[in-house]
Every structure is written in C-alpha cells, then in structure tokens.
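Student: This is the structure I have questions about; it appears just below.
The values are calculated or read from the model by the stated rules, or taken from the named source; none is laboratory data. These figures come from a predicted structure and were not determined experimentally. Cβ sites come from the backbone with ideal geometry, for glycine too, and all protein chains shown count toward neighbours. These area figures cover heavy atoms from the full protein model, side chains too; ligands, DNA and RNA do not enter into them. Shrake-Rupley method; radii C 1.70, N 1.55, O 1.52, S 1.80 Å.
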Amino acid sequence: DVRVAAAALLLAMASADTQSRRDERVVMLRALTTWFGVDQRGAMELLEAAEEAWRAGGTTDGFVRQLSEEYDKDQRLILAELLWEVARADGWLDGREAPLAAQLTRWLGVGPTSAARPPAGA
C-alpha cells in the first residue's frame, strides 16, 4: 500500500530528533486524514501499518522507490511538503531533521539536485 510507504517516511521524519513525537504525531495524523481522506482511526491504522513495515525490514530506499514509481511529481511534492511540516512540528528544526527532509525531498525527485537517488539499502 503506497499510503503505508508515505506514512513510513513521515514516521522516519518524526523519529529524526530525540524530542517528543507528540507534536509530530498530531501533524502526521492531520496530514493523513487530509491527504488520504481517512478518519482519525484510519490515520492511526496507517501509522501502525507503517511502524509494522519498518519492523518487518522496510527501508527508506524501498519506501522512496515505491513512492517514486506510484506517485506523480505533484503527489511527491505534496509528500515532501508534509515531511517538512513534520520536521517543523515542534517549532524548530533539529540538526538531523533538516538534512533528512532535504535528502528525502531530493530522493523523491522534487528538491534541489533531485537526480541524486538513494543508494541501495539506504
């Protein structure tokens, strides 16, 4: 499910810093309900499925490749904007959040130097 791949990247963004994920979770749930048209329960189920995908061996590379194959550029741009929203959810960018958001944006093919693709196994 491509929605799970998108939620997995949002989770990766939320986990980038060591701060509380409460603010990030609120932003992720709002993004999922708005973007995918699911209710709050559906958004929580998507996040749970994304957490399970990570536990089952999902990789950033795998999620980005799936999204790049299944989403058009406009959809990937929306996802990149949501990644930045999650990064900024607590009011500031941690030293790990900005580089990760920029990297994922590039890998999704919608940021500066978007020709740079993720290395295998990233």
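Student: What about A53, is it among the small types (G, A, S), closer than 12 Å to L11 by Cβ and surrounded by 15 or more Cβ atoms within 10 Å (Cβ to Cβ)?
Tutor: On the way: among the small types (G, A, S): yes; closer than 12 Å to L11 by Cβ: yes; surrounded by 15 or more Cβ atoms within 10 Å (Cβ to Cβ): yes.
Spelling it out, A53 is indeed among the small types (G, A, S), closer than 12 Å to L11 by Cβ and surrounded by 15 or more Cβ atoms within 10 Å (Cβ to Cβ).
Student: Turning to a different aspect of this structure: Quick one: E45 ticks every box in (1) in a helix (DSSP H, G or I); (2) within 22 Å of G91 (Cα to Cα) bar one, so which box is it?
Tutor: Condition not satisfied by E45: (2).
Student: Is it true that some residue in the range 71-81 is in contact (Cβ under 8 Å) with a residue 60 or more places away in the chain, open to solvent by less than 30 Å² (accessible area, probe 1.4 Å), of a type in the set (S, T, Y) and within 21 Å of W107 (Cβ to Cβ)? Show your work before the answer.
Tutor: Quick first cut of the range 71-81, residues in contact (Cβ under 8 Å) with a residue 60 or more places away in the chain only: 71, 79.
Narrowing the set further to residues that are open to solvent by less than 30 Å² (accessible area, probe 1.4 Å) leaves 71, 79.
From what is left, the residues that are of a type in the set (S, T, Y) are 71.
Right, trim to within 21 Å of W107 (Cβ to Cβ) and you get 71.
Yes, that holds for at least one residue.
Student: Now a separate question. Restricting to the range 56-66, name every residue that is buried (at least 16 other Cβ atoms within 10 Å of the Cβ), part of a helix (DSSP H, G or I) and over 10 Å from the mean Cα position of the chain (by Cα).
Tutor: Answer for the range 56-66, where residues must be buried (at least 16 other Cβ atoms within 10 Å of the Cβ), part of a helix (DSSP H, G or I) and over 10 Å from the mean Cα position of the chain (by Cα): G62, R65, Q66.
Student: Any idea how many residues of the range 1-21 are open to solvent by 60 Å² or more (accessible area, probe 1.4 Å) and modelled with pLDDT of 95 or more?
Tutor: The qualifying residues number 1.
Student: Identify the residue in the range 22-50 that is over 13 Å from the mean Cα position of the chain (by Cα) and open to solvent by less than 50 Å² (accessible area, probe 1.4 Å) and, among all such residues, is nearest to A5 (Cα to Cα). Break it down stepwise before answering.
Tutor: As a first pass, look at the range 22-50 and keep what is over 13 Å from the mean Cα position of the chain (by Cα): 22-23, 26, 30, 33-34, 36-45, 48-49.
The next check asks that each one be open to solvent by less than 50 Å² (accessible area, probe 1.4 Å); those that pass are 33, 36, 38, 42-43, 49.
Numbers: T33: 15, F36: 13, V38: 16, G42: 15, A43: 13, A49: 9 Å.
In this case the residue turns out to be A49.
Student: Does the range 79-98 hold any residues that are over 17 Å from L11 (Cβ atoms) and in a helix (DSSP H, G or I), and which are they? So that I can check it myself, show each step before the final result.
Tutor: Keep residues of the range 79-98 that are over 17 Å from L11 (Cβ atoms), which gives 91-93, 95, 98.
A98 - this is the single residue of the range 79-98 that is over 17 Å from L11 (Cβ atoms) and in a helix (DSSP H, G or I).
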